[in-house]
Protein chains: 2
Amino acid sequence: MKVFRSPENPIIRPEDVKPSREDFEVIGVFNAGVARLADEVLLLLRVAERPINKNPQVVLTAVYDVDKGQVVLKEFSKADPENDFSDPRLIVRPAETFLTSISHLRIARSKDGIKFDIEDKPALGAANEYETFGVEDPRITLIDGIYYIAYVAVSPAGVTTCLASTKDFVEYKRHGVIFCPENKDVALFPEKIDGKYYALHRPVSPLFKKHDIWIAESPDLVCWGNHRRLLGPQKGGWDELKIGAGAPPVKTNEGWLKIYHGADKQNRYCLGAVLLDLNKPWKILARTAQPILEPEADYECSGFFGNVVFTCGLLAEGDILKIYYGAADSAICYAELNLKDVITALRH
Amino acid sequence: MKVFRSPENPIIRPEDVKPSREDFEVIGVFNAGVARLADEVLLLLRVAERPINKNPQVVLTAVYDVDKGQVVLKEFSKADPENDFSDPRLIVRPAETFLTSISHLRIARSKDGIKFDIEDKPALGAANEYETFGVEDPRITLIDGIYYIAYVAVSPAGVTTCLASTKDFVEYKRHGVIFCPENKDVALFPEKIDGKYYALHRPVSPLFKKHDIWIAESPDLVCWGNHRRLLGPQKGGWDELKIGAGAPPVKTNEGWLKIYHGADKQNRYCLGAVLLDLNKPWKILARTAQPILEPEADYECSGFFGNVVFTCGLLAEGDILKIYYGAADSAICYAELNLKDVITALRH
């Protein structure tokens, strides 16, 4: 697969983003939703922050306090054997788990799709009991003139997916939890098919150790049902451990083109593609055997969580797939693939 | 709490149920849905079966084969160290998990609610890729003259809840998966509230180790959204480990009365009650501190999975709650509680 990576990569780095508070630092900017708004490319960035910590004896993190209506700090002693810090993303205690960072969503705008102006303030941040550990990984789908944002909300209640909508990326409406725990990687189709909305989602089955992509239908984008399992990991493949919907599906003459992510047993995240029937999107027409984008550049191999390329959005313009992706859970990168190359890879 | 247990308990035992095949044996009949149909009490029994096994070197189980359209046998060597039989319900292998039995749903009818005639053939059995390990724990709700059956479907894709409907318990319509993995203990409310259907459900959050009861709304009983967390385990209580919706909610003057099950850290299952606001069922008005029914009788303390009382259905008739419940995952029992006693317990 011929991949054009921007020589400006990473196009947005943590140091480009102003922290939401003076006592916080930005440790990652990644997994952005993408939309075209008039003559601009708009990114809805996931910005991960943590409190600036001057005490090496503790790990400091931040949690949204529903009663106080604000983010408060929490401190965990490194000397306490009940605090498990082995996963850099988590603080695991016997009866509780916390995240080491809290994410919010931030807008960035660009005329050329490469150089972005990043707003100083969050667009959407933790605001209720389902979001106390932050909001993550927005995926934007334009449907009938409204931008719908499916985003991950994390709290002690579980990992859920919520829906927000906006016409202008200035005012937002929240529609609540649309997929209950544990579910993320939700990507809405951009139009109704035979009178129904469709979404891809990624529920977790702990008993059967499954992380498969499912498809659901809806009359209203809020209530989802008739869930069908669509796609599982490929045994021995680059996506053997788990998979999830990447960018929202793109309509092509050949079918719905779906870029998805997969991880192997070493937690190396790559992107692949699958083609779904235009009228029956629960039917798989083709799937790439090999990744179409994999961690190769330094900025993809090293970072907060290395060996990761992960997309929440792309622009399909002409014959080009303009992919915005998170690299190593640290920074935003840009790559172009030729649509025909991807279709050819799907056919073989 | 004054509990009247039927002196006929268990009212239905495994030996009362004819196996669905000559080479199978019934190992449990429990967790039945309940409906009143004209002058009869109808139970939709969960019947758990396994192949009769004459070889002590192996564990034999049965799985529905989608391609063959029938249940086939599977054999697991006791000598193979990769087969973990430590949970009597499961065969756990490094990359796969199987159940030691396969369940189907069977009808039993009674004039007096105690002596039941049990049909010879299954009413609903494994029939598609979501049900290959069987169908379990039906909960019946009568809505506008149609009996809706929310039942658990188990397969390698995960533990899901599916919906079926019937007018007569002769012909059934399947409506697909209404709650995706991992979700069970789904109980539908018997009427719309402010124009929407409601259901209680019990998703699982492996990351945060949660087994809480949530409430969702729907326009059509198939698609569910606006999920809200309703009720969690009580720290140090009889329901400390996990909880789940028991019988479908009962409308009372005081609010929606919901009998639920909870397990403590020793996996001892009891029943408790919670009262929900009539017009805003996501609001909890009261909750019993102590169980209203707990395993005390021999048939509740010993069996396939001992120390369990578990209900999927009850009849609220006059001032009496007529509770049908599974005892020790083995047999069906019957108990009566006085509605006023339960309301009084809720108030204190």
Test: residue in segment A:140-157 that is closer than 26 Å to B:Leu207 by Cα, open to solvent by less than 10 Å² (accessible area, probe 1.4 Å) and away from every other protein chain (no Cβ under 13 Å): yes
All but one of (1) in contact with a Leu (Cβ under 6 Å, 6 or more places away or on another chain); (2) surrounded by 15 or more Cβ atoms within 10 Å (Cβ to Cβ) hold for A:Ser103; which doesn't? (1)
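Output the residue which, of all residues in segment A:221-259 that are touching a His at 6+ places or on another chain (Cβ under 9 Å) and open to solvent by 20 Å² or more (accessible area, probe 1.4 Å), is nearest to A:Gly33 (Cα to Cα).
This residue is A:Val222.
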Scan the strands (runs of 3 or more DSSP E) fully inside segment A:60-150 and keep the ones with 2 or more residues being at pLDDT 95 or above and within 18 Å of the chain's Cα centre (by Cα). A:102-110, A:135-143
Of all residues being closer than 18 Å to B:Gly134 by Cα and open to solvent by 10 Å² or more (accessible area, probe 1.4 Å) in segment B:181-206, which is nearest to the other protein chains (Cβ to nearest Cβ)? Just the residue, please. B:Glu182
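The rows are residues; the columns are (1) within 21 Å of the chain's Cα centre (by Cα); (2) closer than 20 Å to B:Lys210 by Cβ; (3) among the aliphatic types (A, V, I, L, M).
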site: B:Asp264; (1), (2), (3): yes, yes, no
site: B:Cys270; (1), (2), (3): yes, yes, no
site: B:Leu275; (1), (2), (3): yes, no, yes
site: B:Lys280; (1), (2), (3): no, no, no
site: B:Leu285; (1), (2), (3): no, no, yes
site: B:Ala297; (1), (2), (3): yes, no, yes
site: B:Phe304; (1), (2), (3): yes, no, no
site: B:Leu315; (1), (2), (3): yes, no, yes
site: B:Asp319; (1), (2), (3): no, no, no
The number of residues in segment B:27-77 that are surrounded by fewer than 13 Cβ atoms within 10 Å (Cβ to Cβ) and in contact (Cβ under 8 Å) with a residue 24 or more places away in the chain is 2
For segment A:83-99, which residues satisfy the criterion of being within 14 Å of chain B (Cβ to nearest Cβ) and not hydrophobic (A, V, I, L, M, F, W, C)? A:Asp84, A:Asp87, A:Arg89, A:Arg93, A:Pro94, A:Glu96, A:Thr97
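For segment A:227-249, how many residues meet the condition of being assigned to a loop (DSSP other than H, G, I, E, B), of a type in the set (A, V, I, L, M, F, W, C) and more than 18 Å from the chain's Cα centre (by Cα)?
1
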Residue hits (segment B:217-248; more than 10 Å from every other protein chain (Cβ to nearest Cβ) and of a type in the set (A, V, I, L, M, F, W, C)) are B:Leu230, B:Leu231, B:Trp238, B:Leu241, B:Ile243, B:Ala245, B:Ala247
Going through segment A:213-262 one residue at a time, which ones are among the acidic types (Asp, Glu) and under 18 Å from B:Cys223 (Cα atoms)? A:Glu217, A:Asp220
Looking only at segment A:143-153, decide whether some residue is touching an Asp or Glu at 6+ places or on another chain (Cβ under 9 Å) and under 30 Å from B:Lys235 (Cβ atoms). yes
Would you check if there is a residue in segment A:207-216 being open to solvent by 20 Å² or more (accessible area, probe 1.4 Å), in contact (Cβ under 8 Å) with a residue 24 or more places away in the chain and either more than 9 Å from chain B (Cβ to nearest Cβ) or under 25 Å from A:Cys270 (Cβ atoms) (or both)? yes
What tally of residues in segment B:169-226 results from selecting those that are in a loop (DSSP other than H, G, I, E, B), modelled with pLDDT of 95 or more and farther than 28 Å from B:Leu42 by Cβ? 7
Quick check on this structure: which one of A:Asp112, A:Asp120, A:Asp80, A:Asp137 is charged (D, E, K, R), away from chain B (no Cβ under 14 Å) and surrounded by 22 or more Cβ atoms within 10 Å (Cβ to Cβ)? A:Asp137
Determine which single condition A:Phe169 fails, assuming it passes every other condition in (1) more than 16 Å from the chain's Cα centre (by Cα); (2) open to solvent by 10 Å² or more (accessible area, probe 1.4 Å). (2)
Given A:Arg50, A:Arg46, which one is in contact with a strand residue (DSSP E or B) (Cβ under 9 Å, 6 or more places away or on another chain), at pLDDT 95 or above and within 30 Å of A:Lys111 (Cα to Cα)? A:Arg46
What pairs can you find where one residue is in segment A:257-281 and over 26 Å from A:Asp87 (Cβ atoms), the other is charged (D, E, K, R) and crowded, with 19+ Cβ neighbours inside 10 Å, and their Cβ atoms are less than 7 Å apart, with a gap of 6+ or different chains? A:Ala273/A:Lys258; A:Val274/A:Lys258; A:Leu276/A:Lys258
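The values are calculated or read from the model by the stated rules, or taken from the named source; none is laboratory data. Remember, it's a predicted structure, so these values are computed and weren't measured experimentally. For neighbour counting, all protein chains shown are included, and Cβ atoms are generated from backbone atoms with ideal geometry for every residue, glycine included. Just so you know, the surface numbers come from the protein's heavy atoms only, side chains and all, with ligands and any DNA or RNA stripped out. Shrake-Rupley method; radii C 1.70, N 1.55, O 1.52, S 1.80 Å.
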